[in-house]
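Asks: Here it is, the structure, as structure tokens.
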Amino acid sequence: MIHHIVLFRFAEGAPSTQIAAAGEALRAMRDTIPDVRSVTFGPNLGATSREWSHVLVVEVDDMAAVGRYAVHPVHVDVVQRHIAPIREARLAVDVEC
């Protein structure tokens with residue numbers, strides 16, 4: 001099992017409604033991308049929340065599934081339509097669980 005973890009810093013002034021819509025679109029990937037077992041998205045509750053305000057965790061079976069997820073048209077569309085317009089920075093890691 002792989003957890004694909006992405007930390008986000010959204011642009012200053014990004015409307016909370018846009019961040020919420022991005023979260024909904026990200027969570028909906030679970031129902032449309034076959035390799036995705038679960039999706040969690042929400043505010044960072046830790047000490048680094050000022051630097052990385054939101055966290056995405058996508059659970060898949062293996063690194064090959066991470067690769068398929070990354071290029072899946074639904075994922076690409078969600079990133080282009082919901083994340084890219086408000087994203088300032090991102091940090092992604094993959095860890096075996």
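The values are calculated or read from the model by the stated rules, or taken from the named source; none is laboratory data. Source: prediction; values computed, not measured. Note that we place each Cβ from the backbone using ideal geometry, even for glycine, and neighbour counts take in every protein chain shown.
Asks: List the residue pairs whose Cβ atoms are under 6 Å apart, where the first residue sits in the range 86-97 and is modelled with pLDDT under 95, the second is surrounded by fewer than 10 Cβ atoms within 10 Å (Cβ to Cβ) and not hydrophobic (A, V, I, L, M, F, W, C), and the two are 6 or more positions apart or on different chains.
Replies: Sorted first by the residue in the range 86-97, then by its partner, the list stays empty.
Asks: Could you tell me whether the range 77-90 includes any residue that is basic (K, R), farther than 23 Å from M1 by Cβ and surrounded by fewer than 13 Cβ atoms within 10 Å (Cβ to Cβ)?
Replies: If we filter the range 77-90 for residues that are basic (K, R), which is where we start, we get 81, 87, 90.
Filter once more, keeping what is farther than 23 Å from M1 by Cβ: 81, 87.
In the following step, the residues that additionally are surrounded by fewer than 13 Cβ atoms within 10 Å (Cβ to Cβ) were identified as 81.
Yes, because at least one residue in the range 77-90 is basic (K, R), farther than 23 Å from M1 by Cβ and surrounded by fewer than 13 Cβ atoms within 10 Å (Cβ to Cβ).
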